[in-house]
Each structure stands twice: as C-alpha cells, then as structure tokens.
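The values are calculated or read from the model by the stated rules, or taken from the named source; none is laboratory data. It should be emphasised that the depicted structure is a prediction, and the values quoted were computed from it without experimental measurement. Every residue, glycine among them, receives a Cβ derived from its backbone with ideal geometry; neighbour counts consider all protein chains shown. Accessible surface is based on the protein model in full, side chains and every heavy atom, while ligands, DNA and RNA are left aside. Shrake-Rupley method; radii C 1.70, N 1.55, O 1.52, S 1.80 Å.
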Amino acid sequence: MLNKLSETLRKYASGWLVLVFLAGEMFFNAVILPNQQAKIEAGSGGVGPIDLQLFYTPEKVYSMVAAYGEAGRASYRTFELTGDIVYPIVYTLFFSLLITWLFQRGFASNSNMQKYNVVPFGGWLFDLLENLGIVTMLSVFPATPAALAWITAIFTLIKWSFAGASAVFMLIGLVKALMNGFKKQA
C-alpha cells in the first residue's frame, strides 16, 4: 500500500501542484490557524490549543480543557471536526509532494530514498488520531479519563515526530536537488 502511494505521488508531483498546496499551507498558517488560536486564547485567559503542545500530562491537558469553558470547548470541538480535518490533508499533500519533487531532482528514480515521500502520511494519521482524542476529551469533560489523555499525548508526540522527520527529508531533498542543479534524475 505504501509503495503504491509513493508511486502515485511520484506520478503526480509537479512544481505547480507543490505551489498549489504551498498556497493552501500558507493560507492556513497566516489566516485560519491564527484566528482559531486567538479565539481559543481569548476565551480561556491565554490558554492555547492542545494541538500545539509537543507533549502533556493528563493534569496539564485537563486544566487546559477546563480553562476553555463550555463555549470554548464547543468551538474548539467544531474546529477539530472541520478545519483540523482539512488542514492535515493540505500539509500532508504539500510535504509529500515537495519531498517527491525534490527527491526526483536529488536521487535516481530507482533509489530507495524515493519511498520516503510517504513519511508525511504518518503525521497525517497521528494528527487525525490526536484530533479524535482531543474531541473526546472536550466532549466528556468534566470527566477526566487519564488513559484517554495519555493516549492522546502519545499521538501528539508521534505526530510531531513525523513532522520533524518530514522537515529533515525536505532539507535532504533540497540539498541533493541543489547539488544536481534541480535537474530531474533518471
């Protein structure tokens, strides 16, 4: 399945498609996400979104959930089920297509490195699992199941690990593509 996904990305990776998803990534990061973060912080006395934490304990996350208040929890839950479903798709396709495009210019087409273009999909999967955990914590509050918080925190940490790995692969691809003059490799 991952090989098929990697091949599909290689088939469709083009500069213009990378730019389309870059524009989507920039729009989310410049408009949508800051507005949502400001909304969360305004209603909670400055407590930010759970999604931006690298890791947390049940005590910390449930104190954040409590600070959001009922209206804040409802608003955050709605965003998690709408905008934070779309955003991971946008950044996953941007990262994957960019890695693919750069690797096509940095490595031979039969290089095993080409298969690492699917790494951002790990981030996507764990972002969605994290969202499910966050929505559940927001929904069951004032109950504070520690196991749910720990599992969600692990999903969060794994999501960020995949994001970091994706950034490393983008950097490797950029360096290798620069070394080859951005010429597509055979």
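Here are some notes:
- Applying the Karplus relation 6.51 cos²θ - 1.76 cosθ + 1.60 with θ = phi - 60° to the range 170-186 yields 3J(HN,Hα) values of 4, 5, 4, x, 5, 4, 5, 5, 4, 4, 9, x, 6, 8, 4, 8, 7 Hz, where x marks Gly and Pro.
- Summary value for the range 1-115: 43 percent relative contact order, contacts being C-alpha pairs under 8 angstrom separated by 6+ residues.
- Sparsely packed loop sites in the range 1-72 (the chymotrypsin sites (Phe, Trp or Tyr not before Pro) outside DSSP H, G, I, E and B with at most 14 other Cβ atoms within 10 Å) comprise Phe55.
- With a Cα cut-off of under 26 Å and a minimum spacing of 8 residues unless on different chains, the lysine pairs in the range 34-186 number 9.
- Percent carbon-and-sulfur accessible area, the chain, ignoring ligands, DNA and RNA, probe 1.4 Å: 71
- Accessible area expressed per residue, the range 33-74, with surrounding protein chains retained (probe 1.4 Å, Å²): 49
- Label of the coordinate-derived value, Cα Rg over 2.2 N^0.38 Å, listed as (i) 1.16; (ii) 0.99; (iii) 1.36: (i)
- The per residue volume of the convex hull around the alpha-carbon atoms of the range 55-132 is 97 Å³.
- The separation of the range 127-171 from the range 1-37, counted between C-alpha centres, amounts to 21 Å.
- Within the listed set Leu125, Leu148, Leu102, the residue fluctuating most in the Gaussian network model of the chain (springs between alpha-carbon atoms under 10 angstrom) is Leu148.
- Vicinal HN-Hα couplings computed from phi for the range 79-88 (Karplus, 6.51 cos²θ - 1.76 cosθ + 1.60; Hz; Gly/Pro x): 5, 4, 8, 10, x, 8, 9, 6, 4, x
- By a 1.4 Å probe calculation restricted to protein chains, Met179 has an accessible surface near 130 Å², given to the nearest 10.
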